[in-house]
Amino acid sequence: MERKESIVSEYIDALNKEAAPGKTGNGVNDQELEQIFSAVRAVKSLKEPALPDSGFAQGLAEKLTTRIQERERSGTVRNASGVLAGQSRPKLSRPKWMIPAAALAACLLILAVMVSSPNMFRNDVAYAMQQAVSNLSSYHGVLEMRSNNQAGEEWLVRRAELWSVGDRYAVRQDDGTVTVNNGDKKWQVRPQEKAVAILPVLPDPTRQGFDLRDEAQRALQYPHEVVGSEVIAGRDTSKLEIRPPGGLAYHLWVDKQTDLPIQIRTPMQNSLQTTYTFISLEVNSPVEDHLFAYQPPQGYKIVQDDPGQLVATVEEAVLISGFAPLLPDAAPKRVLAFQDRMVLDYGDTTITEVSAQGSFAPAPNSALGQAAGGPLEVWWEGLRWRQNGLEIKVTGPQRVALAAEIAPDLTLPQVSHDLVSQAQVKVSVDMDIVRANQMQVDRGSSPWQLDPLHVAMTFVNLKVSPQGIIGEPEIGSASFKLELNTGAQAAITVSEGPVKKVYLQRLLRQDETGIWSVVGYDPR
Amino acid sequence: MTFDNAYSSVFIKPIGIKKVKVIRTNILLKAAQGDAYSIEELCLALWEPVYRFIYHRVQNREEAEDITQESFARTLAYFRNHGEPPHNVLGYLKTVGVNIIRDSWRKRQLQGKVVNWEDVKPLVEDNQTELVQRLRIESALERLKPEQKTVLQLRILMGCSVADTARQMGKSEAAVRTCQYRALQTLARYLDDVD
């Protein structure tokens, strides 16, 4: 009996580690044990499945491609029946003997990198932060925003108290305004106006304003390193320096005990610098339910402007919104129906669908892909396109997977696509000027440099009027058309004047904050 | 029939309405010939439903990843040899996955080990069936003694070690192992009763 109890325990341990139980050596011949294993699996099936690491699909595709191509080369294509007959066959994963060799090689590689880069260990802070943030279930804190100028003067801008539990949150500003989203309803209590405004639950820009996850993501995305330790709000922290390419470095302080970010300081721009600090932060502790209960104070008026309705089924949403949405395979967690649109909530990702009106105009600075046979706008964390008379926008981390379920032909911009080499005339670029321009844009000046159409228009008009553009440009914006934008390179056709096509590149930063530079053109 | 019932039967369907995934035939055939782009497109589109389907049966990531890989490999081999993909590619991939699980379990049976075939029988795929299964397991759990329920929650649903569970329940590790064994024996019986 004791042996059976241990076997069952080992079986549970193996499944908890997401390992195949057979490998723990507890394969047994016992009807009762088999039924117990089955019961273990049944209970575990109540949990969400443990998904593979990101990149699983790409790794799978790579292994399949290699295997098919190797077979092609060796000319030993098996027939399907041979494969299905359960013959001994190579697994797609590496042969077992390779694991120690590969592990040794990996260790040597890691050692070499560590020797050449003394910051290797310290960079783990950003990774640990991302993990800690993803494990955050609830928190309560006070966030303070302070600004200081070049002269060293500092002042408090505002202070907010935050409560967050899963999808629900409440924010109280120091002027008494309270914004609450309890998952079913979002509202704002405005004591100055003695009013309660009912707001749409989704999409929710308020949450993005203080979400700790964004900073963790950015820290991993850009080059970063630990530059010291400091005590912030009584907490021992690691100070991370984050350097966006071509921009000014900024700092993030990560609590050494919880691995959570507790302070961020922007670079000094236009003689001003802002610091956001969690002067108190309690994590994963109970938050009182009454905070999220909708109880308008007595005597307050209710302001309501189509906040949408949470509905139980898509069919109900159809009755309210008046159109049938296009749905991905996975079921949304919630559906919010408005009179003219529908919002499908997938947790961290939101799909908004509206009836298409007028012609589709992608943001000039967006990268362009393809979806449903038409253009796909790729802009910050969102994808937008038209399909079956609807305009669909998907925002959030799962945007590509969900969008591809709605539009199976979805093609993202080919970043590796080399447009620039096609230019008949190459334009030399002074990188010092580009860097200076990027910093200028980061400070909030000359934002037109983020728009490839505007950069191309300036370039072409300076060719026409080398002495400078005075008043309206000779060749107006209507003559410029974005032909292709991969996010890193763009081509713009010009319908009149001495230039037929302009080629541009984001030379410093290939994201929405990077400026465009003209690197070539085709004369007419 | 009341108005409410009539309304429900006509209009109300669960939110999780499945849409049939459309993968273009030429993508499938090119993938079978080893075209990297088409293989990636196929994997990106279908890995998750296949993986989830297999995970549901094996309940561990290691086997689910291996069997998902094998299912895609065998499916592409089939396309290549028959020159024509089946009408429902996702259904075919899942069937191949079930066959692989069966093969591996059959090997265990040949080695004299007992297997529970109920676990690999293909399920009717709809939300209703999933919901019924879930309810069946949840109601069986509810029938357990509170202590038995707690031990399964801690060990399986929360993934605690025996030592952590013992600490939280104020028991010895041996007592936790005995309690979880008895809880699972009873649960298996309840699940069997419902079947």
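A count restricted to segment A:39-55 and to residues that are at negative phi and open to solvent by 20 Å² or more (accessible area, probe 1.4 Å) stands at 9.
Tally time: how many residues in segment A:184-205 are in a loop (DSSP other than H, G, I, E, B), without any contact (Cβ under 8 Å) to a residue 60 or more places away in the chain and buried (at least 17 other Cβ atoms within 10 Å of the Cβ)? Residues in segment A:184-205 being in a loop (DSSP other than H, G, I, E, B), without any contact (Cβ under 8 Å) to a residue 60 or more places away in the chain and buried (at least 17 other Cβ atoms within 10 Å of the Cβ): 1 in total.
Of all the criteria given as (1) over 19 Å from A:Lys186 (Cα atoms); (2) at pLDDT 85 or above; (3) of a type in the set (D, E, K, R), the one not satisfied by A:Asp345 is (1).
Can we say B:Leu93 is in a helix (DSSP H, G or I), modelled with pLDDT of 85 or more and assigned by TED's automatic domain parsing to the domain that holds B:Thr75? Show your work before the answer.
Details: in a helix (DSSP H, G or I): yes; modelled with pLDDT of 85 or more: yes; assigned by TED's automatic domain parsing to the domain that holds B:Thr75: yes.
Yes; evaluated as a whole, the condition is true for this residue.
Close Cβ contacts (under 7 Å, 6 or more residues apart or on different chains) running from residues in segment A:314-325 that are within 8 Å of chain B (Cβ to nearest Cβ) to residues that are surrounded by fewer than 16 Cβ atoms within 10 Å (Cβ to Cβ) comprise A:Val314/B:Ile17; A:Glu315/B:Phe11; A:Glu315/B:Ile12; A:Glu315/B:Lys13.
Those residues that are assigned to a loop (DSSP other than H, G, I, E, B) and open to solvent by 10 Å² or more (accessible area, probe 1.4 Å), I need them from segment A:513-524; list them, please. Outline the logic, then answer.
Here is the first cut: in segment A:513-524, the residues assigned to a loop (DSSP other than H, G, I, E, B) are A:513-516, A:524.
A:Thr513, A:Arg524, listed by residue number.
Scanning segment A:363-385 for residues that are of a type in the set (Gly, Ala, Ser) and in contact with a Ser or Thr (Cβ under 8 Å, 6 or more places away or on another chain) returns A:Ala367, A:Gly369, A:Ala371, A:Gly382. Among the residues making up segment A:376-387, those that are at pLDDT below 90 and open to solvent by 50 Å² or more (accessible area, probe 1.4 Å) are A:Trp379, A:Trp380, A:Glu381.
Each residue in segment B:64-90 was checked for being touching a residue at least 12 places away in the same chain (Cβ under 8 Å), at the interface with chain A (Cβ under 9 Å from one of its Cβ atoms) and open to solvent by 40 Å² or more (accessible area, probe 1.4 Å), and 3 pass.
Take segment A:340-371 and flag every residue that is open to solvent by 10 Å² or more (accessible area, probe 1.4 Å) and touching a Lys or Arg at 6+ places or on another chain (Cβ under 7 Å). Within segment A:340-371, A:Tyr346, A:Gly347, A:Thr352, A:Val354, A:Ala356, A:Phe360 qualify. Residues in segment A:141-177 that are in contact with a helix residue (DSSP H, G or I) (Cβ under 9 Å, 6 or more places away or on another chain), open to solvent by 30 Å² or more (accessible area, probe 1.4 Å) and of a type outside the set (D, E, K, R): A:Leu143, A:Val165. Taken over segment A:388-400, residues that are more than 14 Å from A:Leu344 (Cβ to Cβ) and surrounded by 20 or more Cβ atoms within 10 Å (Cβ to Cβ) amount to 0.
Within segment B:11-33, is even one residue of a type in the set (A, V, I, L, M, F, W, C), in a helix (DSSP H, G or I), at pLDDT 80 or above and open to solvent by 80 Å² or more (accessible area, probe 1.4 Å)? No: zero hits.
Look at segment A:487-512 and say how many of its residues are closer than 17 Å to A:Asn461 by Cα, open to solvent by less than 40 Å² (accessible area, probe 1.4 Å) and of a type outside the set (D, E, K, R). Count: 8. Scanning segment A:1-19 for residues that are among the hydrophobic types (A, V, I, L, M, F, W, C), open to solvent by 10 Å² or more (accessible area, probe 1.4 Å) and within 39 Å of the chain's Cα centre (by Cα) turns up just one, A:Ala19.
Collect the residues in segment A:250-284 that are more than 18 Å from A:Trp163 (Cα to Cα), of a type in the set (A, V, I, L, M, F, W, C) and open to solvent by less than 40 Å² (accessible area, probe 1.4 Å), keeping them in residue-number order. Break it down stepwise before answering.
To start, the set of residues in segment A:250-284 that are more than 18 Å from A:Trp163 (Cα to Cα) comprises A:250-257, A:259, A:264-275.
Adding the requirement that they be of a type in the set (A, V, I, L, M, F, W, C) leaves A:252-254, A:264, A:268, A:272.
Across segment A:250-284, the qualifying residues are A:Leu252, A:Trp253, A:Val254, A:Ile264.
The values are calculated or read from the model by the stated rules, or taken from the named source; none is laboratory data. As the structure is a prediction and not an experimental result, all values here were calculated from the model. A quick note on method: Cβ atoms are made from the backbone with ideal geometry, for glycine too, and the neighbour counts reach across all protein chains shown. Ligands, DNA and RNA are excluded from the accessible area calculation, which covers all protein heavy atoms including side chains. Shrake-Rupley method; radii C 1.70, N 1.55, O 1.52, S 1.80 Å.
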